[in-house]
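The values are calculated or read from the model by the stated rules, or taken from the named source; none is laboratory data. Here the structure is a predicted model, which means the values were calculated and not measured. Note that each Cβ is placed from the backbone with ideal geometry, even for glycine, and that neighbours are counted across all protein chains shown.
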Amino acid sequence: MDRIYLDNNATTIVDPLVKDAMDPFFTKMYGNPNSLHSFGTEVHPFMRLAFDRLYSGTHARDEDDIIMTSCATEGNNTVVKGVFYELIRTGKKQEIVTTQVEHPCVINSCRFLESLGVTVHYLPVNGDGIVDADILREYIHPDKTALVSIMWANNETGLIFPVKDIAGLCRENGILFHTDAVQAIGKVKVDVQEVPVDFLTFSAHKFHGPKGVGGLFIRKGVSLPPFFHGGEQMGGKRAGTINTSGLIGMGLAMELAVQNLDYEQKEVRRLRDRLEDGIAVIKDTHIIGIRDMRTPNTILVSVKGVEGEALIWDLNRNGVAASTGSACASESLEPNPTFVAMNIDDELAHTGIRLSLSRFSTEEEIDQTIDIFKKSVERLRSISMSSTE
Amino acid sequence: MAKTDLIGGSLWEQYSQKVNDRMTNPRHMGEITHEEAQKMGARLIVADYGAEVCGDAIRLYWAVDEKNEKILSAKYKTFGCGTAIASSDVMAEMCIGKTVDEALKITNLDVEMALRDDKDTEAIPPQKMHCSVMAYDVIKKAASIFKNVDMTVLEDEEIVCECARVSLRTIKDVIRINDLKTVEEITQYTKAGAFCKSCIRPGGHEKRRHYLVDILKEARAEMENEKKTMFMETRDFKSSNLIQKHKLVEEMLNDRVRSNLLVEGGNLEVVDMKESGDITEVYVHYLGSCQGCPSSLTGTQKYIEDTLRQELDESIAVVVV
């Protein structure tokens with residue numbers, strides 16, 4: 001059975017071009033770039049190229065920093081805890097503002113800081129499923145707020161947040177702004193000049209790069225202590241031997257992601273819409289979030305009477321990999337905050353399924369998925385009591 | 001945390017083959033109509049339990065022979081995850097052929113046991129145990145409809161942890177008997193709270209009537225009160241034996257004396273106690289800055305002796321060694 005991968009918001013296939021570009025750095029040019037000898041120095045031109053690609057991919061200026069990290073979780077921890085050390089522990093400011101729908105690496109870092117006495121505001125999303133600048137305005141204060149951390153696009157719904165307005169509002173008030181752009185790179189244009197962020201984080205494996213490598217953009221002039229102390233790598237801002245193959249792979253993955261933005265916006269969107277339309281004709285399904293407000297690859301759908309985990313179980317048995325939008329597989333069954341804020345029927349709270357495409361998804365796969373999806377829903381509804389009412 | 005916990009996301013790998021089979025090919029899924037029940041000469045019982053809002057809901061159908069109260073046929077419809085479907089399926093199967101009273105004895109633990117591939121390996125991971133509870137509850141509902149009584153009549157004890165079926169009485173007893181101080185210890189002793197964790201504290205999987213944190217707090221408070229009362233009762237210094245006297249002296253030193261010595265960097269220990277006639281001699285040895293302090297043999301000694309005499313008994317004499 002050929003399997004169909006529609007969980008690209010969780011991770012993506014490494015582009016074969018990226019894999020090839022990484023290959024020489026395992027057995028040929030394996031030197032430590034901080035060594036003085038030729039094994040070390042011969043890697044430098046490739047690293048320089050990788051950084052060029054990361055800078056131009058995000059429109060960073062040469063005087064800004066893009067620090068290599070191990071993943072977005074590391075980058076986000078570095079920002080949230082670093083701002084705590086820099087501004088809150090020193091008594092300059094007191095509060096952090098984030099959202100209820102951030103990734104756990106931001107939320108749990110904030111919860112940790114709360115345990116140290118920091119005040120954190122977790123903003124709700126509005127009826128459209130996003131946090132807008134008007135909501136934010138009520139929670140920030142120029143003298144109190146140290147950091148605002150709001151994602152560029154949401155992993156579950158794909159909804160794109162108005163980061164340009166938010167960044168502008170933060171700048172007007174002299175507040176540092178961080179955005180987790182993990183779900184944005186390769187899906188929408190990410191330009192740190194157009195959107196004046198202070199910190200931006202991303203992870204290579206979400207855009208067809210390798211796992212275990214990510215990036216943290218820090219605008220020139222913004223002070224942030226290192227999270228990893230040690231050697232002089234990354235200008236002393238992130239110690240630890242450089243993951244050369246990962247960095248070089250991430251550089252190419254970034255370039256390809258930006259080159260393919262047009263394809264993503266047109267072709268991936270077309271396939272996503274095709275899948276969405278195919279699913280939406282099934283009775284009592286509910287697509288979450290306005291289509292044009294979402295990243296072009298994501299669908300979050302509720303199917304009345306069909307519990308989420310049961311549906312992904314059935315899809316998986318038929319070769320389609322998707323994930324639950326509800327928390328059923330975890331220990332906590334608290335309703336999804338996005339669902340609650342968007343006034344989605346309580347009965348649908350346990351029925352969310354996320355399907356996320358990539359530029360490697362094909363039309364044939366999409367058509368097969370529509371068939372499989374319909375059959376699975378039909379089977380599970382025959383077991384469920386909802387359909388009998 | 002250990003080596004086996006380092007790779008996450010293995011939820012489905014923890015389902016038994018039987019859970020897999022029942023989820024993929026449920027055997028008793030469906031409905032029983034009035035006509036079908038009539039044909040069997042049976043009474044149709046339809047019981048609903050749970051709600052889609054909560055993530056789990058089930059409707060159980062029984063065809064019951066009214067003469068001998070035997071369940072001739074059982075079917076169900078369910079909204080829930082794979083383990084909920086598998087649990088419902090096995091539960092329905094277990095009902096068939098039993099009397100209503102026999103069926104009432106089926107618990108979620110029996111359902112889970114029936115889903116095991118081998119008797120020593122759990123059929124489902126702990127956080128999914130919760131899904132089998134619904135199967136138990138709906139039997140009670142069906143039986144209450146059959147007997148035309150309120151469901152609570154069939155509850156013989158207050159259950160705190162539904163997954164492991166641990167009662168309020170058991171938890172209170174185990175805290176008391178084993179002097180338990182943490183929720184983790186309660187879980188170790190009773191398995192309460194080991195599964196879906198809802199009963200540990202508010203804010204979990206689902207709302208509960210009782211939480212382990214509160215039960216523990218109340219039980220500990222009760223135990224402390226009892227201890228205090230006991231202490232008050234045995235407070236009569238003179239009639240106590242030497243061991244009890246030593247305890248009373250130590251408690252008094254802790255409560256009233258040591259903190260004052262510690263301020264100055266000093267301390268003391270009781271090295272011996274002797275009863276000679278009506279006098280109880282308390283032998284103390286100074287520690288820290290009390291050693292060699294000029295007043296330790298005069299003022300400090302008198303202070304300790306006065307305190308013990310006032311608070312405990314006039315017969316006490318303090319001897320510094």
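Which of (1) part of a loop (DSSP other than H, G, I, E, B); (2) within 18 Å of A:Leu147 (Cβ to Cβ); (3) within 14 Å of the chain's Cα centre (by Cα) is the odd one out, the single condition A:Leu200 does not satisfy?
(1)
If I ask for residues that are more than 25 Å from the chain's Cα centre (by Cα) and not β-branched (Val, Ile, Thr), which ones from the stretch A:278-318 would you list?
Across the stretch A:278-318, the qualifying residues are A:Gly278, A:Ala280, A:Lys283, A:Asp284, A:Lys304, A:Gly305, A:Glu307, A:Ala310, A:Asp314, A:Arg317, A:Asn318.
Mind checking which residues of the stretch B:66-88 are of a type outside the set (Gly, Ala, Ser) and more than 8 Å from every other protein chain (Cβ to nearest Cβ)?
B:Glu66, B:Lys67, B:Asn68, B:Glu69, B:Lys70, B:Ile71, B:Leu72, B:Lys75, B:Tyr76, B:Thr83
Among the listed residues A:Phe161, A:Phe199, A:Phe112, identify the single one that is out of contact with any Ser or Thr (no Cβ under 9 Å at 6 or more places or on another chain) and either surrounded by 24 or more Cβ atoms within 10 Å (Cβ to Cβ) or modelled with pLDDT of 95 or more (or both).
Result: A:Phe112 is the single residue among A:Phe161, A:Phe199, A:Phe112 that is out of contact with any Ser or Thr (no Cβ under 9 Å at 6 or more places or on another chain) and either surrounded by 24 or more Cβ atoms within 10 Å (Cβ to Cβ) or modelled with pLDDT of 95 or more (or both).
Among the residues of the stretch A:227-254, how many are touching a residue at least 60 places away in the same chain (Cβ under 8 Å), more than 18 Å from the chain's Cα centre (by Cα) and not in a loop (DSSP other than H, G, I, E, B)?
10
When you scan the stretch B:290-321, how many residues do you find that are among the small types (Gly, Ala, Ser) and assigned to a loop (DSSP other than H, G, I, E, B)?
2
Name the residues in the stretch B:1-16 that are away from every other protein chain (no Cβ under 14 Å) and surrounded by 10 or more Cβ atoms within 10 Å (Cβ to Cβ), would you?
B:Ser16 - this is the single residue of the stretch B:1-16 that is away from every other protein chain (no Cβ under 14 Å) and surrounded by 10 or more Cβ atoms within 10 Å (Cβ to Cβ).
Can you give me the number of residues within the stretch B:119-133 that are surrounded by fewer than 24 Cβ atoms within 10 Å (Cβ to Cβ) and part of a helix (DSSP H, G or I)?
Of the residues in the stretch B:119-133, 2 are surrounded by fewer than 24 Cβ atoms within 10 Å (Cβ to Cβ) and part of a helix (DSSP H, G or I).
Among the numbered conditions (1) under 12 Å from B:Ile139 (Cα atoms); (2) over 28 Å from the mean Cα position of the chain (by Cα); (3) among the hydroxyl-bearing types (Ser, Thr, Tyr), tell me where B:Ser88 comes up short.
Among (1) under 12 Å from B:Ile139 (Cα atoms); (2) over 28 Å from the mean Cα position of the chain (by Cα); (3) among the hydroxyl-bearing types (Ser, Thr, Tyr), B:Ser88 violates only (2).
Could you count how many residues in the stretch A:248-293 are small (Gly, Ala, Ser) and within 12 Å of A:Val188 (Cα to Cα)?
1
Does any residue in the stretch B:145-169 that is touching a residue at least 60 places away in the same chain (Cβ under 8 Å) come within less than 7 Å, Cβ to Cβ, of a residue that is surrounded by 11 or more Cβ atoms within 10 Å (Cβ to Cβ) and part of a strand (DSSP E or B) six or more places away or on a different chain, and which pairs are these?
B:Ile145/B:Ile45; B:Ile145/B:Ala47; B:Phe146/B:Ile45; B:Phe146/B:Val64
Yes or no, residue by residue, for (1) under 30 Å from B:Glu66 (Cα atoms); (2) among the basic types (Lys, Arg); (3) at pLDDT below 85:
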site	(1), (2), (3)
B:Ile145	yes, no, no
B:Asp150	yes, no, yes
B:Ala164	no, no, yes
B:Val174	no, no, yes
B:Asp179	no, no, no
B:Thr182	no, no, no
B:Ala194	no, no, yes
B:Gly203	no, no, yes
B:Val213	no, no, no
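Of all the helices (runs of 4 or more DSSP H) wholly in the stretch B:31-105, which have at least 3 residues that are surrounded by fewer than 21 Cβ atoms within 10 Å (Cβ to Cβ) and of a type outside the set (A, V, I, L, M, F, W, C)?
Qualifying helices (runs of 4 or more DSSP H): B:34-39.
Given the structure, is A:Ile288 modelled with pLDDT under 95 and under 23 Å from A:Lys206 (Cβ atoms)?
For A:Ile288, the condition - modelled with pLDDT under 95 and under 23 Å from A:Lys206 (Cβ atoms) - is met.
Does B:Arg208 satisfy being within 10 Å of the chain's Cα centre (by Cα), on the phi < 0 side of the Ramachandran plot and among the basic types (Lys, Arg)?
Considered against the rule, which asks whether it is within 10 Å of the chain's Cα centre (by Cα), on the phi < 0 side of the Ramachandran plot and among the basic types (Lys, Arg), B:Arg208 comes out as no.
Are any of the residues in the stretch B:57-78 under 18 Å from B:Ser144 (Cβ atoms) and polar (S, T, N, Q)?
No, that holds for no residue.
Which of the residues spanning the stretch B:211-227 are under 13 Å from the mean Cα position of the chain (by Cα) and more than 16 Å from B:Asp173 (Cβ to Cβ)?
Across the stretch B:211-227, the qualifying residues are B:Tyr211, B:Val213, B:Asp214, B:Lys217.
For A:Val148, all conditions in the list (1) farther than 17 Å from A:Lys93 by Cβ; (2) surrounded by 24 or more Cβ atoms within 10 Å (Cβ to Cβ) hold save one; what is the number of the exception?
(1)
Can you tell me which residue within the stretch B:22-65, out of those that are without any contact (Cβ under 8 Å) to a residue 12 or more places away in the chain and under 21 Å from A:Ile312 (Cβ atoms), is nearest to the other protein chains (Cβ to nearest Cβ)?
This residue is B:Val53.
Those residues that are over 23 Å from A:Asp20 (Cβ atoms) and in contact with a strand residue (DSSP E or B) (Cβ under 8 Å, 6 or more places away or on another chain), I need them from the stretch A:225-262; list them, please.
A:Met234, A:Gly235, A:Lys237, A:Arg238
Residue-by-condition table, conditions (1) touching a residue at least 12 places away in the same chain (Cβ under 8 Å); (2) of a type in the set (Ser, Thr, Tyr); (3) in a loop (DSSP other than H, G, I, E, B):
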| position | (1), (2), (3) |
| --- | --- |
| A:Thr90 | no, yes, yes |
| A:Lys93 | yes, no, yes |
| A:Asn108 | no, no, no |
| A:Arg111 | no, no, no |
| A:Ala167 | yes, no, no |
| A:Gln183 | yes, no, yes |
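Which of the residues spanning the stretch A:272-318 are within 14 Å of chain B (Cβ to nearest Cβ), over 24 Å from A:Asn343 (Cα atoms) and surrounded by fewer than 21 Cβ atoms within 10 Å (Cβ to Cβ)?
Hits for the stretch A:272-318 are A:Asn316, A:Arg317, A:Asn318.
Quick one: how many residues across the stretch B:21-55 are under 19 Å from B:Ser144 (Cβ atoms) and among the charged types (D, E, K, R)?
Qualifying residue count, the stretch B:21-55: 2.
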